[in-house]
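A.B. asks: Submitted below is the structure of interest, expressed as structure tokens.
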Amino acid sequence: MAGGGDAAAPSQARLDGRGTDGRPGASPGGHPLHARRDVLILVVPTILYLLVFSVFPLVYSLGISFFDWSQTTRSFTFIGLENYQRLIVDPVFLQSVGNTAIMVGLGVTIQVVLGTALALFFDLHLRGMWFVRGVLILPMLLTPIVVGLMWRALLNPEWGMINWILGELGLPQPLWLADPAIAIFTLIFVDTWQWTPFIFVIVFARLQALPRDVFEASAVDGATRRQRIWHVTLPLLAPAIAFAMIFRAIDAFRAFDVVFGLTYGGPGNFTSTMSFYTWETGFSFTRYGYSSALAYVMVIVAMIMVTVLLRFVRVRRADVS
């Protein structure tokens, strides 16, 4: 009996996660260093990837922002904070900030309102909704640069389909992309056309996950459909709407593809965004130091914007009682 108990002790120690010598952490299949080696094999490639493709570019571009690139000598000259000082008096940069603010503020607001309204409409489960819903999300699947080029052709003042239809109807034919007064709103329209389905998908998915008994109870209590929407549905959808709004605000803040394909920042700089101006400064004008300074200003603004949004907008799931 005693021998049997002694024989069972090593097995019990292995089950408890201890080695046969009673020390915790010893692997039943080998030395604990083997487990650490396996962990390092999995973690080290990820760390190297982050260092090479994330940390190094950030640090290197930060260093470049304190230098000025000379096209003649093909060398950098240290100028300190001069690049950042230029931003304050750069009219093109200030205009790009205003354009970006309009795209984030007005554009995202329109997308959230339309996307939520579409989600509520499709919740009616009318006949044929499955087909319309599938067609609705198609713009979201397209690449923004393709969307920009496509709408650039449609809005062409000479042979574009939009102005041709307006002409056939006897309506004015605006210069959608050449008129400084409406070019930025054309850009917002195209961006809204593409990304409203994104808001719709998120809000509609949340709407379908809500318990039906909540709406049935409110209907029994005598609430009208409008009252159920304002006092029951929208409060329950608030976390999903907030999440979609924050995601789209960040994406609109760094909008580049659609600007590049649709207006190329024109006419003049009336549709130039911060992202586009940063790219144009660096790759068209070869002002690499100034472009890096622009990029870091964008990083700072994005950090502040996200912090404020997460501070004042609730994205946690609301409890349904």
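A.B. asks: Quick check: is even one residue across the stretch 123-130 in contact (Cβ under 8 Å) with a residue 12 or more places away in the chain, surrounded by 13 or more Cβ atoms within 10 Å (Cβ to Cβ) and over 29 Å from Ala205 (Cα atoms)?
C.D. replies: no
A.B. asks: Confirm whether Thr77 is among the hydroxyl-bearing types (Ser, Thr, Tyr) and in contact with a strand residue (DSSP E or B) (Cβ under 9 Å, 6 or more places away or on another chain).
C.D. replies: So Thr77 fits the description; yes.
This table checks each residue for (1) under 16 Å from Arg287 (Cβ atoms); (2) not β-branched (Val, Ile, Thr).
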site: Val55; (1), (2): no, no
site: Leu58; (1), (2): no, yes
site: Gln71; (1), (2): yes, yes
site: Leu94; (1), (2): no, yes
site: Thr109; (1), (2): no, no
site: Gly128; (1), (2): no, yes
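A.B. asks: Out of contact with any His (no Cβ under 6 Å at 6 or more places or on another chain), in a helix (DSSP H, G or I), within 22 Å of Thr100 (Cβ to Cβ) and not hydrophobic (A, V, I, L, M, F, W, C), is that true of Arg152?
C.D. replies: In short, yes.
A.B. asks: Right, next: I'm told Val147 meets every condition in (1) free of Cβ contacts under 8 Å to residues at least 12 places away in the same chain; (2) surrounded by 14 or more Cβ atoms within 10 Å (Cβ to Cβ) except one. Can you identify the failing condition by its number?
C.D. replies: (1)
A.B. asks: Which of the residues that make up the stretch 156-209 are among the small types (Gly, Ala, Ser), touching a residue at least 40 places away in the same chain (Cβ under 8 Å) and in a loop (DSSP other than H, G, I, E, B)?
C.D. replies: Ala178
A.B. asks: Within the stretch 87-108, can one find any residue that is among the aromatic types (Phe, Trp, Tyr) and at pLDDT below 90?
C.D. replies: no
A.B. asks: Another question, if that's okay. Report those helices (runs of 4 or more DSSP H) wholly inside the stretch 217-284 carrying at least 3 residues which are assigned by TED's automatic domain parsing to the domain that holds Leu175, under 18 Å from the mean Cα position of the chain (by Cα) and over 23 Å from Phe200 (Cβ atoms).
C.D. replies: 274-279
The values are calculated or read from the model by the stated rules, or taken from the named source; none is laboratory data. Bear in mind that the values here come from a model prediction, so they are computed numbers and not experimental data. So basically every Cβ, Gly included, is an ideal-geometry build from the backbone, and we count neighbours across all protein chains shown.
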